[in-house]
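Asks: Before we start, here is the structure in question, set down as structure tokens.
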Amino acid sequence: MKRQLGTVSLAAIGRVSAPFLVMGVSLWLLGGLVDLPRWSALPQSIAALPIGRCLLAGALCAVSLWAVARYDALAHRHFASGVDPALARKSGFAAIAVAQTAGFGVFTGAAVRWRMLPHIGLKGAMQLSLFVCTTFLVALAFLTALACLFLPAPHWTTLPGLLIAALLPVAILTLSFAPICAPVRHRLRLPSLQTIRNILGWSGLDVVAAAVAFYVLIPATGLGFAEFLPVFLLALGAAMLSGAPGGVGPFELTLFALLPQIAAADLVTAILVFRAFYYAVPAVLGVAIVFLTKPSKPKSPPAARAKTGQQLAELGILAQNGGLIQHHNSGSYALWRTPQTATLLFDPASGQAAPALAHLKSQAAAQGRIACLYKCGARTAVAARRAGWSVARIAQECVVDLPSYDLDDATRRGLRRKLRKACKAGVSATRSTLLPLEQMAAIDAVWQASQGRARGGTMGRFCPAYLATQDVYLAHHEGRLIAYASFHRDPIAPCLDLMRHAPVAADGTMHLLIQSAIETASAEGKSRLSLAAVPQPPDWVNRHAALRRRIENPGLRQFKSSFAPVLRPRYAAAPSKPALVLALADIASEVHAPPALLSGSGTHKQHEKIEVALSRAPWKGE
């Protein structure tokens, strides 16, 4: 125990002392590099600076710190903290102003944020600090790389700059969309590309304003701003990475090493005045804000409103994908948040499409995401097009009209053959309220082993609690479960969701399950039964046969076509074509590599069967 405590203590001492060690070594190296002016001469040098330049430098530092405050607003938006944007900017300014001067940026920044926003907790404050520090450092690295590539910079920065400028965007896109990176993406809650763009913009304004503020304090020496900017960014990066209070030491050492043409007295004078404007004054203001501002209280959640309008059957998928029913003044809709999008699924649950689109767009802007419609009907797509959105056909919903459904129709000749094969093999299909979960889980595991990982997003995955809210049809052969299919419940139009079968299932087994569901729904007086959608890519995809086969899934289309359903087009839409492409790529990534189910995914451990007892989906609430 003593050895462990000693190890922990030494590690803690090392972490705390490292920034001061870096600062001391840097200042020692600086003393051997240049002949620093005497302290007694500095007041005269500072007084010699033109007052106009000092005022301009102060104003530019204010612009820089105004941009800095926007980082926290972006962070709160990313984490959906619910904190008022003005308060987020205020606490962000105070946290960054104090942290950049005191050093230990993540910890001091978290302490300030926790003091001003106690309801977010220490963990929330640390999350915000880590997000702000990490994203700013990444943005600074990218901006520095661009400056070193396109502006006069030390020759040794060319290769690192090229690597960072080329690899960083690739890394971000890979983490954001590659299926193999899905676990990292879901665990770390990476910012959306729109948020990254905003971070890059505010970071650019911040560092350029700070660089100009420093530049105007240097006496005329023939040094151009294009030559100065890369050096300043390198010095700022060294200061931040050191963690030293105010970045003292690495900042000065970098400037003196890379700007030998500037007289030491002039550079020291500029550094001191810059530090007063950029570090000292903001730190004093930050401390004053911390102690003069009363800690905020969390906002009371708005009172829940009664749901109105008919709920679509497919909205049951919200129980798995983390979506919710979003209400606005004139209706409601299903909102599904993906890493890049705020997506309205299907059609509005109630109310008209136009106000739902306007509300969705405001929600997306508040969250730093792309507003998107996915799998909506023609009427909603028309409303989106009228609003100036880019619209694309992506799928066809297969709907069986139950009153006119006739198994003996010539269009269902192939279906009759499949049903005869299943019946001849001795397969039976029934709806059950008792689910053999262990057998179903085993079939699901075998199915995934042969077909690949189960898709998510708008497609259901095996989960006992989820299936308990659905109608489930089981197929047996000689008393053994060989397949099953589940349907979202609806008083008018149930919808197919989950289909699983064992390798030993006879040909026609899945057809028999669907036929059983059709007959049951028809007997209950329901008007429609949806077989869900099949992909229908845009026309330009049809010119590429291989791509069309990959997207279209001809086997699934053939299976559903055997029931001769009515095909209803389904659309996707976003405010612009680039936004639509990005949104569809993000949704495809979430569908093919969904996050792990958080709960309820295991089978019942005490009994082989469980009675379906839930009367409503979890997302619907009370």
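Asks: Kindly state, to the nearest 0.05, the FRET efficiency for Ile492 paired with Lys294, given R0 = 45 Å and r defined as their beta-carbon distance.
Replies: Details: r = 53 Å, r/R0 = 1.18.
Rounded to the nearest 0.05, the efficiency is 0.25.
Asks: In whole percent, what relative contact order does the range 54-292 give with Cα contacts below 8 Å and a gap of six or more residues?
Replies: Details: 285 pairs, mean separation 72.5, N = 239.
For the range 54-292, the relative contact order is 30 percent.
Asks: Given a Förster distance of 35 angstrom, what is the FRET efficiency for Leu407 paired with Ala178, based on the Cβ-Cβ distance and rounded to 0.05?
Replies: On the way: r = 45 Å, r/R0 = 1.30.
Efficiency for this residue pair is about 0.15.
Asks: Order of 320-326, 91-97 by packing, highest average Cβ count within 10 Å first? Before the final figure, lay out the partial values.
Replies: Numbers: 320-326: 19.6, 91-97: 27.3.
So the peptides 320-326, 91-97, ranked by packing, come out 91-97, 320-326.
Asks: Starting from the Cα of Arg431, step 7 Å along the direction of its Cβ; do the same at Lys577; then give the gap between the two resulting points in nm.
Replies: In this crude label model, Arg431 to Lys577 measures out at 4.7 nm.
Asks: Determine the equivalent ellipsoid of the range 45-94 by diagonalising the alpha-carbon gyration tensor, then write out the semi-axes as square roots of 5 times the eigenvalues, largest first, rounded to whole Å.
Replies: Values: eigenvalues 228, 11, 10 Å².
Rounded to whole Å, the semi-axes are 34, 7, 7.
Asks: Let me ask something else. Starting from a Cα-only point model with no solvent, please compute log10 I(q)/I(0) by Debye for the range 367-502 at q = 0.19 1/Å.
Replies: -1.26
Asks: Please give the length that would be gained between Ala257 and Leu205 if that part of the chain were fully extended, namely 0.36 nm times their separation in residues minus their C-alpha to C-alpha distance (nm, one decimal).
Replies: On the way: separation 52, 0.36 × 52 = 18.72 nm, distance 2.57 nm.
Result: 16.2 nm gained on full extension.
Asks: Roughly speaking, what is the stretch gain from His186 to Ala62, that is 0.36 nm per residue apart minus the C-alpha to C-alpha distance, in nm to one decimal?
Replies: On the way: separation 124, 0.36 × 124 = 44.64 nm, distance 3.68 nm.
Gain on extension, His186 to Ala62, equals 41.0 nm.
Asks: While we're looking at this one, here's another question. Can you tell me how the range 146-236 classifies by the Cα gyration tensor, rounded, prolate or oblate, using a/c under 1.5 as the rounded cut? The partial results should precede the final answer.
Replies: Numbers: a/c = 4.04, a/b = 2.07, b/c = 1.95.
Verdict is prolate for the range 146-236.
Asks: Let me ask something else about it. Under 8 Å for C-alpha pairs, at least 6 residues apart: give me the relative contact order for the range 161-251, rounded to a whole percent.
Replies: Working: 32 pairs, mean separation 12.2, N = 91.
Once divided by the residue count of the range 161-251, the mean separation gives 13 percent.
Asks: Compute the FRET efficiency between Ala276 and Arg115 as 1/(1 + (r/R0)^6), taking r as their Cβ-Cβ distance and R0 = 25 Å, and round to the nearest 0.05.
Replies: Values: r = 25 Å, r/R0 = 1.01.
It comes out at approximately 0.50.
Asks: Glu519 label point, 7 Å along Cα→Cβ, cut-off 15 Å on backbone N: hits in the range 476-508?
Replies: Under 15 Å, as judged by backbone N against the label point of Glu519, lie 476 of the range 476-508.
Asks: Evaluate the distance, in nm, between pseudo-label points positioned 7 Å from the Cα of Arg453 and of Arg385 along their respective Cα→Cβ axes.
Replies: About 3.7 nm, to one decimal.
Asks: Between Ala358 and Phe225, 0.36 nm times their residue separation minus their Cα-Cα distance comes to what? Mind showing how you got there, number by number?
Replies: Working: separation 133, 0.36 × 133 = 47.88 nm, distance 4.46 nm.
Stretched out fully, the Ala358 to Phe225 stretch lengthens by 43.4 nm.
Asks: Further question: Starting from the 7 Å offset along Cα-to-Cβ, what nm value, one decimal, do you get for the label separation of Val504 and Ala166?
Replies: That separation, rounded to one decimal, is 5.7 nm.
Asks: Let me ask you something else. Where does each of 212-219, 255-262, 435-442 land if you order them by average Cβ count within 10 Å, highest first? Kindly include the intermediate steps, with their values, before the conclusion.
Replies: Numbers: 212-219: 21.0, 255-262: 17.1, 435-442: 19.2.
So the peptides 212-219, 255-262, 435-442, ranked by packing, come out 212-219, 435-442, 255-262.
Asks: Measure up Lys375/Lys526; Lys90/Lys577; Lys123/Lys375; Lys90/Lys361 against 29 Å on the Cα-Cα distance and list the ones that go over.
Replies: Lys90/Lys577; Lys123/Lys375
Asks: Could you sort 159-166, 460-467 so that the peptide with the highest average Cβ count within 10 Å comes first and the rest follow in order? Could the numbers behind the result be given before it?
Replies: Working: 159-166: 15.1, 460-467: 21.0.
Sorting 159-166, 460-467 by mean packing, highest first, produces 460-467, 159-166.
Laboratory data are not the source of any read-out in this text; all were calculated from the coordinates shown. These numbers come from a predicted model, not from an experiment. Glycine also receives a Cβ, built like all others from the backbone with ideal geometry; neighbour counts cover every protein chain displayed.
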